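Peer 1: I have a structure I would like to understand better, so I am pasting it below and will then ask my questions one at a time.
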Amino acid sequence: MEHFSLITTREYLNKITNKSFWLFTVLLPLFLIGIVFLLSFLSSINNDSVKTISVVDNTGYIYDKLDSSNDIKYSLIIDPSLEKAKEISSQNEDYGLLYISSFDSPGEIAESVLFISENSPSLSIINRVESQLERILTNENFRIIGLDINEINSSKIYLNLYQESLDGKETTKVDGIVKLVFGMALGFLLYFFIFIYGSMIMMSVMEEKTSRIIEIIISSVKPFSLMTGKIIGVSLAGLTQFLIWGVMFFVFAFFYSSFFGISNSEAAGQVILSSEEGSAISSAALEMISAFMNLPLTNIFFAFIMYFLGGYLLYASIFAAIGAAVDNQADAQQFMMPITILVIVALYVGVLTVPDDPNGIVAQIFSYIPFTSPIVMLMRIPNGVPIYEQLISLTILFSSVVFMIWIGAKIYRIGILMYGKKVTYGEIIKWLKY
Amino acid sequence: MNNILSIDSVSKHYGEFTALNNVSMNIREGSIFGLLGPNGAGKTTLIRIINQITSPDTGKVLFNNTPLELKHIKDIGYLPEERGLYPKMAIGDQAVYLAQLKGLDRATAKSELNKWFEKFEIKDWWDKKVTELSKGMAQKIQFIVTVLHKPKLLIFDEPFSGFDPINANLIKDEILLLREEGATVIFSTHRMESVEELCEDIALINKSNKILDGNLDDIKKKYKSNTFEIAVDSKDPISLSKKLESIYDVSNPSFKTIGDNLKLNVKLKNNQNSEDLLKLLNQNTKVIHFKEVIPSVNDIFINSVKND
């Protein structure tokens, strides 16, 4: 026990006094923040520029009904000839030219509308122009047939399915999205943790082996204490890193909302015109918050801790065993492969099956397999997974953890003193029998 | 005399491979013990068993007459043949860490280390990293770490490799000093001259078996062949040579002398003694060189391994 805390402390201090640890801790969020700023900057530039579309309207009624918005402005060209209009449009450096020919039936007009632009126009602009024209021409059709548009509008039904879970809790579409995003976030978090700190453990084991200090150490310490101390020490360093990131996130979020909060709502105002729709946005935010509060948070909290712990320990002991078995980075790759595949399979299963059917058979099976259960189950739990299922899965996971640590320790014990041999899977299986 | 370590019928297998086969030996408290054997004989396996890095399949090891257990780790200091230090950790810090692993508390470890660093005049190395030191310098640190916790039993596996002669001597003197203070020392080495110079008892392991052990002087007595190197300045060397040949087994010598006109290796037969030989030589000759051939550890080593 005394050794264990010595080893854990050394391992922890060794990691957090390392320059690259701090470099990574500080630079990664800065990098992400930089990207966020860059994106919001770029999109604000995009929004600022008003795109002028010149319109030649031979029908005489369409132009009047086109609604200019903050970023799309329609301007009428009186000259009806296409050639002349093109000339004027390109002189004005317009975004594009909408050429509408005159026919009796709106259907024929729709088929002949032409959009001319120098560069290929953005899909969203095209969509908006199209939907405006569709609306105007449809209304014209209604008018010709003799239907009252106001009546049609007032008799339209808008429907939003009222969702409820079996136990009577109200759910909405937003709920679904929040569950999905939250579940994915947990799964990915675990994925990153496994790989970043798992490989850190591997490197740390390899360092002791290649520097040949290992024999001195294990003449004082049981290899098992060394291995477990190392795993815990590195994980504590990892948790420290996550804690720092968490604090940085809240500080950043605070500054971002206080400095950019106003301009943000302005930008929102640009896209959504009416104040009614603006308040719809904030009500969506409220809905998201309530959706978040509707999640089985206590269950998620405990499940997250258990699966994080189990998944991490399972993989960490494999990483430690690999580090002990090999002499160099290149040899490590061949053993890393299967692990990478396992974790990626878990991610794919989670991403592909959970949104469609969180309690489907595939998602269920993979949330029992210990190598994939932490990630898949974490993605499923926000959707509600029966507790007994979680308990079975956790039991399998933790038995596998104990088994894997035992196997890992065996490989570790033999591997750390093996030099110069090209290690194969067969060789490792032999070690288990020593 | 008390045995600090008794190894009793120890065997160790790795799969099909037998690393040690029924090996027994005793190491007297306060002695310097040479553990010899060719590469791959099983020395390192035996040392690892003593250090509880691996455990024997069968047989037992007694430390001070009690079965070896974890609490004995602090009584043993081990300098492995393959030794290293953490490349990115300050020298002083890792020495303290290694001492703590051996059971010293932090303060004692620091003060003991300071004493050694002062003794070796390397106080300014404390904050350096291993990458800034030469191999010999790193070896000094490893030596200090091995002996720092004042273990009762010291195990050195090829301690002098990597040292220049001056530092090798420094380390040798330190080892002798530690022995005077009561430590028992096990040497595992291929350098026979240091065995000759330092060891009182030896054991020879070959192909997983112990083939020889005991007091070095006794072993030498057992292995000597009653052969004498003689060199004389004789008035009639030819007839003396013939006379010697008729009485003893005579062979060509390999030693160096000056001022002689006859030199030979003379091997006594069972009922003969060296006094008669010397009397014979003393007639009409001047004896320049007369010495019994004592087998070197090197010879014993090579012969035993060859005959095994």
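Peer 1: So which residues in the range B:1-21 are in contact with a helix residue (DSSP H, G or I) (Cβ under 8 Å, 6 or more places away or on another chain) and of a type in the set (D, E, K, R), if there are any at all? It would help to see each step written out before you state the result.
Peer 2: Start the filter on the range B:1-21 by keeping residues that are in contact with a helix residue (DSSP H, G or I) (Cβ under 8 Å, 6 or more places away or on another chain), which leaves B:5, B:7, B:10, B:12, B:15, B:19-20.
B:K12 - this is the single residue of the range B:1-21 that is in contact with a helix residue (DSSP H, G or I) (Cβ under 8 Å, 6 or more places away or on another chain) and of a type in the set (D, E, K, R).
Peer 1: Can you tell which of B:S225, B:S241, B:S234 is without any contact (Cβ under 8 Å) to a residue 24 or more places away in the chain and out of contact with any Gly (no Cβ under 9 Å at 6 or more places or on another chain)?
Peer 2: B:S241
Peer 1: Continuing with the same structure: So A:N70 fits all but one of (1) within 14 Å of chain B (Cβ to nearest Cβ); (2) touching a helix residue (DSSP H, G or I) at 6+ places or on another chain (Cβ under 9 Å); what number is the exception?
Peer 2: Result: A:N70 passes all but (1).
Peer 1: Provide a single number: the residues in the range A:45-68 that are of a type outside the set (A, V, I, L, M, F, W, C) and loosely packed, with under 15 Cβ neighbours inside 10 Å.
Peer 2: Counting residues in the range A:45-68 that are of a type outside the set (A, V, I, L, M, F, W, C) and loosely packed, with under 15 Cβ neighbours inside 10 Å gives 11.
Peer 1: Can I ask one more? For the range B:253-279, which residues satisfy the criterion of being part of a helix (DSSP H, G or I) and surrounded by fewer than 15 Cβ atoms within 10 Å (Cβ to Cβ)? Even if it seems obvious, please write down each step before you answer.
Peer 2: Within the range B:253-279, the subset part of a helix (DSSP H, G or I) is B:274-279.
B:S274, B:E275, B:D276, B:L278, B:K279, listed by residue number.
Peer 1: Go through the range A:211-227 residue by residue and tally those that are open to solvent by 10 Å² or more (accessible area, probe 1.4 Å), in contact with a helix residue (DSSP H, G or I) (Cβ under 7 Å, 6 or more places away or on another chain) and more than 7 Å from every other protein chain (Cβ to nearest Cβ).
Peer 2: 3
Peer 1: Next up: On the basis of being under 44 Å from the mean Cα position of the chain (by Cα), touching a residue at least 24 places away in the same chain (Cβ under 8 Å) and within 30 Å of A:S257 (Cα to Cα), does A:S40 make the cut?
Peer 2: Values: under 44 Å from the mean Cα position of the chain (by Cα): yes; touching a residue at least 24 places away in the same chain (Cβ under 8 Å): yes; within 30 Å of A:S257 (Cα to Cα): yes.
Answer is yes for this residue.
Peer 1: Kindly indicate whether any position in the range A:361-374 is buried (at least 19 other Cβ atoms within 10 Å of the Cβ), closer than 30 Å to A:M293 by Cβ, touching a Leu at 6+ places or on another chain (Cβ under 6 Å) and modelled with pLDDT of 90 or more.
Peer 2: Yes; the residues of the range A:361-374 include at least one that is buried (at least 19 other Cβ atoms within 10 Å of the Cβ), closer than 30 Å to A:M293 by Cβ, touching a Leu at 6+ places or on another chain (Cβ under 6 Å) and modelled with pLDDT of 90 or more.
Peer 1: Open to solvent by 60 Å² or more (accessible area, probe 1.4 Å) and touching a residue at least 12 places away in the same chain (Cβ under 8 Å): is that true of A:Q334 in this structure? Spell out how you get there, then give the answer.
Peer 2: On the way: open to solvent by 60 Å² or more (accessible area, probe 1.4 Å): yes; touching a residue at least 12 places away in the same chain (Cβ under 8 Å): no.
In short, no.
Peer 1: With the range B:13-130 as the region, which strands (runs of 3 or more DSSP E) entirely inside it contain at least 2 residues that are farther than 17 Å from B:F156 by Cα, within 14 Å of another protein chain (Cβ to nearest Cβ) and open to solvent by 30 Å² or more (accessible area, probe 1.4 Å)?
Peer 2: Those strands (runs of 3 or more DSSP E) span B:17-28.
Peer 1: Take the residues of the range A:398-422 that are not in a helix (DSSP H, G or I) and not aliphatic (A, V, I, L, M): which is most open to solvent (accessible area, probe 1.4 Å)? Working first, answer last.
Peer 2: First, the residues of the range A:398-422 that are not in a helix (DSSP H, G or I): A:416-422.
From what's left, not aliphatic (A, V, I, L, M): A:419-422.
Working: A:Y419: 63, A:G420: 73, A:K421: 105, A:K422: 131 Å².
Going through the qualifying residues, I end up with A:K422.
Peer 1: Taking B:K102 as the residue in question, decide whether it is free of Cβ contacts under 8 Å to residues at least 60 places away in the same chain and under 17 Å from A:I216 (Cβ atoms).
Peer 2: yes
Peer 1: Looking at (1) within 14 Å of chain B (Cβ to nearest Cβ); (2) within 18 Å of A:M206 (Cα to Cα), can you tell me which one A:K430 breaks?
Peer 2: Result: A:K430 passes all but (2).
Peer 1: Can I ask one more? Can you name the helices (runs of 4 or more DSSP H) wholly within the range B:141-252 that have at least 3 residues being more than 22 Å from B:L98 (Cβ to Cβ) and of a type in the set (A, V, I, L, M)?
Peer 2: Correct list: B:165-180, B:192-198, B:237-247.
The values are calculated or read from the model by the stated rules, or taken from the named source; none is laboratory data. Bear in mind that the values here come from a model prediction, so they are computed numbers and not experimental data. Positions of Cβ are generated from backbone atoms using ideal geometry, with glycine treated the same way; all protein chains shown enter the neighbour counts. Note: accessible area is taken over every heavy atom of the protein model, side chains too, but ligands, DNA and RNA are not part of it. Shrake-Rupley method; radii C 1.70, N 1.55, O 1.52, S 1.80 Å.
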